[in-house]
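Working notes, structure below.
The values are calculated or read from the model by the stated rules, or taken from the named source; none is laboratory data. What you see is a predicted model; the values in this text were computed from it and never measured. FYI the Cβ positions are ideal-geometry reconstructions off the backbone, even for glycines, and counts take in every protein chain you see. For the accessible areas, the whole protein counts, side chains as well, though only heavy atoms, and no ligand, DNA or RNA atoms are used. Shrake-Rupley method; radii C 1.70, N 1.55, O 1.52, S 1.80 Å.
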Amino acid sequence: MEIKRVGVVGCGLMGAGIVEVCALGGYQVVVSEVDDDLLKRGLSRLETSMQRGVQRGKLAEADAAAARKRIRGTTNLSDLASSDLIIEAVVENMHLKKEVYRTLDDVCPPETIFASNTSSLSITEMASVTKRRERFLGIHFFNPVPVMKLVELIRGLQTSEDTMKTGRRFATSLGKTVVVCKDSPGFIVNLLLIPYLLDSVRALELGIATKEDIDTAIVLGLAHPMGPLTLLDYVGIDTTYFIAEAMFQEFKDTRYAAPPLMKQMVLAGLHGRKSGRGFYDYSEGK
Ligand code: 3HC
């Protein structure tokens, strides 16, 4: 099946990045948010990212201008009904995701492919609320989406070979490298990343070192682009907490149990860079 029109549900950190790479890849994109305010914020995040791409010489202004023309925002999920592929990027909440898929399943023709950008929730479970289980897969992007080269393609229990082929062609057309994974919590990257991130918070809680020294140790000792606490602020402490919780529920393994400090930070609204403060302070001028 040839993909021409892409629908994206959610214009948060990941959704906005997905819209950007799809529009730059030549696809017509309709993106939905729950209200005008969130839609405006998401689209302005996307605009900032494209401008950064232009400033860094990664993106021609003419290509950015052409991409802008391919993007349409909406607050009505039904406006995604004419898409060939719909990528859902709403918060990591199975109940909410199922609601989205039930609504979409009713308004979309049977050939529309559904994909989730979930980091950790079951593709098979999401597909189970639709009548298109063979045309349902995981397409997992990484943050920042325009920069990170990887896409994990997740095969649900009932995903067809054709759907996987279409997903691979699509992700490759965006300039991404594809790895394939079965429907297992955390897939490849988060299976390995989440215990590491949680351990860095435990190290901080135990007073093993300062946050700065934990981050510096990993940046200089392992040549990672960011230390784990900076990365947590970057990905979102709330998002990482939801992913860890989902993985803990599935595996019942304490490696995935979020440390108390993380839960407290989520409840206190210290969600990282996007909220202005996490482990570090991102308020004006900092
Ligand atoms: N469009 C295109 N290219 C862009 C861009 C944009 N909007 N913004 C930046 N770039 C390019 C830059 O030109 C630069 O390219 P170069 O290396 O060829 O010069 C490169 O991207 C790096 O950008 P910057 O110089 O602005 O920034 P930094 O060097 O400080 O890197 C970073 C920023 C890319 C975020 C880097 O710190 C990094 O890779 N961090 C780790 C990110 C990571 O691990 N992400 C995965 C998180 S896990 C996840 O997402 C899974 C989820 O399920 C939780």
Subject >> Translational D in µm²/s for segment 190-282 (Stokes-Einstein at 20 °C, 1.002 mPa s, Kirkwood Rh from C-alpha pairs) >> reply: 163
**OP:** Taking the chain as the reference, fit the longest principal axis to its C-alpha atoms, fit the long axis of helix 189-205 to the helix C-alpha atoms, and give the angle between the two in degrees, 0 to 90, nearest 10.
**Re:** 30
**OP:** Would you mind finding the longest exposed-site-free stretch of the chain, with exposed GluC sites (Glu not before Pro) meaning DSSP loop and at most 16 other Cβ atoms within 10 Å?
**Re:** 112-283
Original post:
What accessible area per residue, rounded to a whole number of Å², is obtained for the chain using a probe radius of 1.4 Å?
Top reply: 48
**OP:** Would you rank 140, 224, 95, 271 by solvent-accessible area, highest first, keeping every protein chain in place and using a 1.4 Å probe?
**Re:** 95, 224, 271, 140
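I want the local charge near residue 129. Using Cβ-Cβ distances under 10 Å, sum +1 for each Lys or Arg and -1 for each Asp or Glu among the other residues. Before the final figure, lay out the partial values.
Values: positive: 97, 98, 102, 131, 133; negative: 99, 105, 125.
Computed value for this residue: +2.
Can you give the calculated 222 nm mean residue ellipticity of the chain, where each DSSP H run of n ≥ 4 adds -39,500 (n - 2.57) and the sum is split over every residue, rounded to the nearest 500 deg cm²/dmol?
Values: 11 runs with 133 residues, N = 286.
Estimated from H runs of four or more residues: -14500 deg cm²/dmol.
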Original post:
Once a ≥ b ≥ c are taken as the square roots of the eigenvalues of the Cα gyration tensor of segment 9-134, is the result rounded (a/c under 1.5), prolate (a/b larger than b/c) or oblate (a/b not larger than b/c)?
Top reply: prolate
Subject >> Protein accessible area in the chain, 1.4 Å probe - carbon and sulfur % >> reply: 55
**OP:** Take every DSSP beta bridge whose two residues both sit in the chain, then give the antiparallel share in percent to the nearest 5.
**Re:** 20
**OP:** Pairs of lysines 8 or more apart, or on different chains, with alpha carbons under 26 Å: count those in segment 5-182, would you?
**Re:** 24
**OP:** Take the Cα gyration tensor of the chain, multiply each eigenvalue by 5, square-root it, and list the three semi-axes largest first, rounded to whole angstrom.
**Re:** 31, 23, 17
